[in-house]
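Encoded as C-alpha cells, the structure appears first; notes follow it.
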Amino acid sequence: MYDEIVNAISKSEEYSCLGDIVSIKKCIEPGSSAYQDNGILFLRVSNLSKLGIKNGNQRYLSKGLYQTIKKHQPQKGEILLSKDATPGIAYYLKDEPEKMIPSGGILRLKVHDEHRLYPEYLTLVLNSTLVQKQIERNVGGSIINHWLVSQVKKTLIPILHETTQQKIAEMVNNSFYNRKLSKQLLEIAKRGVELAIENDESFAQEWINEELNKLNIEL
C-alpha cells in the first residue's frame, strides 16, 4: 500500500521531497515546570488541528520566559506541522498569529518559492492521505509516535500545475473564511437571544442588524 502511494507520486509530472521546498525550524520544550494558567500561549500538539488552535486544557508561559525564547514565535505565512504524538497535523498561518510558543513536537515550515508552491496547497497535501500514509509507514510500530525530522524532509510532495494550485488555494481560503464567518454569526445569534430575554425582541433585532451591517450582511 505504501509503495503504491510513493510510486504514484513519483510518476506525477512534478514532485519533490519536503525538505527541498521548505525551510524547517524546530520548536522548544521548556518543561512542565514552566507552565502557567495564564500568560503567553504554549501550543502543544493536543491543541493543534488542521482547522486551527483548539481550546481546552491549554498551557501558558510567563511573559519573561517568552522574551527569552521568542525566536520560536510562529510567523505569518508559516505552516505548523506536528511531528510527535499525533504526527502530520498541518495548519497554515494565513494571518498574523497571536503571541505563542509551539512545543518541541511541532515544526515551523516556510515555503521557499510561493510562486512554485502555494502554502495553502502544501498544507492540504500534508493533511491528505498521500502524506498521512507516508507518516504511517515511518512511525509504524512505535509505542509513542515520533516522526523524525530526517523522515519529514524525505516526505514526497506532488506539485500540481500553478493554475490548479491557485484554484485549490482559493477554495481553501474560502472555506476558512466561511468557517470564521459562521462562528461570528453564531455568536451574534447567541447574544441576540440573550438581549431579547434581557430587554425585548425589537431591541435585540436592532442590535443584530447593527452587528450584521459591520459584516456587510443584510437580512
*Only one residue in Leu48, Leu65 is in contact (Cβ under 8 Å) with a residue 24 or more places away in the chain and over 30 Å from Asn178 (Cβ atoms). Which one?*
Leu65
*Filter region 161-192 down to the residues that are in contact with a helix residue (DSSP H, G or I) (Cβ under 8 Å, 6 or more places away or on another chain) and touching a residue at least 40 places away in the same chain (Cβ under 8 Å), then identify the one that is surrounded by the most Cβ atoms within 10 Å (Cβ to Cβ).*
Gln165
*Filter result for the condition that a residue is closer than 21 Å to Glu14 by Cβ, at pLDDT 95 or above and surrounded by 15 or more Cβ atoms within 10 Å (Cβ to Cβ), over Tyr121, Tyr66, Tyr60, Tyr91*: Tyr121
*over 16 Å from Val152 (Cα atoms), in the same structural domain as Ile101 (by TED's automatic domain parsing), touching a residue at least 60 places away in the same chain (Cβ under 8 Å) and of a type in the set (S, T, N, Q): does that describe Ser16?*
no
_Residue check, Leu107 at pLDDT 95 or above and either touching a Pro at 6+ places or on another chain (Cβ under 9 Å) or in the same structural domain as Val131 (by TED's automatic domain parsing) (or both)_ = yes
*Only listed residue being in the same structural domain as Lys11 (by TED's automatic domain parsing), in a helix (DSSP H, G or I), more than 23 Å from Glu120 (Cβ to Cβ) and not hydroxyl-bearing (Ser, Thr, Tyr), chosen from Glu187, Glu136, Glu194*: Glu136
*When region 133-152 is examined, which residues are found to be loosely packed, with under 14 Cβ neighbours inside 10 Å and under 20 Å from the mean Cα position of the chain (by Cα)?*
Leu148, Val149
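The values are calculated or read from the model by the stated rules, or taken from the named source; none is laboratory data. Please read all numbers here as calculations on a predicted model, not as lab measurements. Reconstructed Cβ throughout: ideal geometry from the backbone, glycine too, with neighbour counts over all protein chains shown.
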